[in-house]
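Down below is the structure, laid out as structure tokens.
The values are calculated or read from the model by the stated rules, or taken from the named source; none is laboratory data. Not measured: the values here are computed from a predicted model. All Cβ positions, glycine included, derive from the backbone under ideal geometry; neighbour counts span all protein chains shown. Surface areas here come from the heavy atoms of the whole protein model, side chains and all, with no ligands, DNA or RNA. Shrake-Rupley method; radii C 1.70, N 1.55, O 1.52, S 1.80 Å.
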Amino acid sequence: VSPSRLGVRGFFIISFLISVLKCCKSHTVIMLILKKSNIFVLRFVMHRGAIHKSLVRLKQNKQKGFAVLVDPDSVSLPQIEKLAHQCNEAKVDYLFIGGSLMTSNHLNECIIRFKENSAIPVSLFPGSPSQVSKEADALLYLSLLSGRNPELLIGAHVVSAPIVKESGLEIISTAYIVVDGGAPTTVSYMSHSLPIPHDKNDIAVCTAMAGEFQGKNIIYMDAGSGAQNPISEQMIKSVAENIALPLIVGGGILTPEKAYNNCKAGADVIVVGNAIEKDAQLISEMSEAIHSAAVVA
Ligand code: 1GP
């Protein structure tokens, strides 16, 4: 970027910002500088650890986050570009991408297209090691603690460890807890494991606590994509009262009211996929409801 195009003052401001960033003990890199109506917009690659830190900060500050889940099987590249703009406008906090079963082959392209159009951080939500992509910012490193399938507790992790290390992704160790959503979901079938019964709050609490004791970074309670019944607020409340980790909740959340109530019950981040695939208007409504549930000091 030359001083003549920026103006002397703009050039010095940007040089100053670059120097500050160089001093940061992080892997932050300036990605690009865009000129939009004489306003220079700096876009940064998230530095390593940034997404986990943002989740911890969110919880500490009693704020609430909204994660949109994208299943690459359900979107085309033009659709993902449109989705990126909708997420930007609605101030979505996180994009999760992946699924229990992926039949398409354009995960990388989806992430690249999304990131070309949005600075929202992208986290992989993988159903298998084949869904590790360097294009994302972070990997939700899921251990299916509600199940008793050793492959999803440790087996797949051992096999994929070299790829995961080489990816350079931020690793967010995730206690993944699947709760019965009323009918078999893809995750319950593909994982060869029983979900926690929807009314067994004590099992959910003990599983989440065990995840915390094992040193996981976050707890993700999921009724599974397209669940008939989302996780009950009572179960969310019981779990939230017994853990200190950020709590992510998803699966079958169809209305802004349910998202709001889940936040009030103790969820820190709400994940919505199916409902917004069907009605994109819900993105802004969900976002507003979730963010309005923050506790103001
Ligand atoms: C599934 O939690 C996510 O793993 C989101 O579920 O697609 O039902 O919103 P939905």
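Taking H placed 1.01 Å from N in the peptide plane, check which residues at least 5 places from I196 or on another chain put their amide H under 5 Å from its amide H.
Counting only residues 5 or more places away or on other chains, the set is V178, V179, D180.
Starting from the Cα-Cα distance between S130 and S104, subtract it from 0.36 nm times their residue separation and give me the gain in nm to one decimal.
Extra length from S130 to S104 when fully extended: 8.2 nm.
Does the range 168-295 come out rounded, prolate or oblate, given a ≥ b ≥ c as the square roots of the eigenvalues of its C-alpha gyration tensor, rounded meaning a/c under 1.5 and, failing that, prolate meaning a/b above b/c?
rounded
Quick check for you: which residues of the range 81-109 have the amide N under 13 Å from the point 7 Å beyond the Cα of A280 toward its beta carbon?
Under cut-off, by backbone N: 81-90.
Give the relative contact order (percent, whole number) for the range 100-145; include only Cα pairs under 8 Å separated by 6+ residues.
36 percent.
HN-Hα J couplings of the range 130-139 from phi, Karplus 6.51/-1.76/1.60, θ = phi - 60°, integer Hz, Gly and Pro as x?
5, 9, 8, 10, 5, 6, 7, 8, 8, 10
What ranking, highest mean first, results for peptides 167-176, 75-84, 216-225 when packing means the other Cβ atoms within 10 Å averaged over each residue?
Listed from highest to lowest mean packing, they are 216-225, 167-176, 75-84.
Among 247-253, 49-55, 62-68, 208-214, how do they line up from the highest to the lowest mean number of other beta-carbon atoms within 10 Å?
In decreasing order of mean packing, 247-253, 49-55, 62-68, 208-214 become 247-253, 62-68, 49-55, 208-214.
R0 = 30 Å: FRET efficiency of A294 with E166, Cβ-based, nearest 0.05?
With R0 = 30 Å, the Cβ-Cβ based efficiency is 0.20.
Determine the gain in length on full extension of the stretch V158-N61; use 0.36 nm per residue of separation and subtract their C-alpha separation, reporting nm with one decimal.
That works out to 31.4 nm of additional length.
Between D73 and S173, what FRET efficiency follows from the Cβ-Cβ distance if R0 is 25 Å, with the result rounded to 0.05?
Computed FRET efficiency for D73 and S173 comes out at 0.45.
Counting only heavy atoms of protein chains, what accessible area per residue, in Å², does the range 136-179 have with a probe of 1.4 Å?
Ligands and nucleic acids excluded, the figure is 40 Å² per residue.
Which residues' amide hydrogens lie under 5 Å from the amide hydrogen of V70, considering only partners 5 or more residues apart or on another chain, with H built in the peptide plane?
Residues meeting the amide H criterion: F96, I97, G98.
Any idea what the dipole of the range 115-267 comes to, in debye rounded to 20, about its Cα centre with Lys/Arg Cβ at +1 and Asp/Glu Cβ at -1?
80
Just to check I understand the Karplus step: with θ = phi - 60° and J = 6.51 cos²θ - 1.76 cosθ + 1.60, what whole-Hz values come out for the range 93-107, glycine and proline as x?
Couplings: 8, 9, 10, 9, 9, x, x, 5, 9, 10, 9, 8, 10, 10, 4 Hz.
If you plug each phi of the range 264-279 into the Karplus form 6.51 cos²θ - 1.76 cosθ + 1.60 with θ = phi - 60°, what whole-Hz ³J(HN,Hα) values come out, in order, with x for Gly and Pro?
Running phi through 6.51 cos²θ - 1.76 cosθ + 1.60 with θ = phi - 60° gives 5, 6, x, 5, 9, 9, 10, 10, 10, x, 3, 4, 7, 5, 7, 9 Hz.
Would you rank R148, R57 by solvent-accessible area, highest first, keeping every protein chain in place and using a 1.4 Å probe?
Ranking R148, R57 by accessible area, largest first, yields R148, R57.
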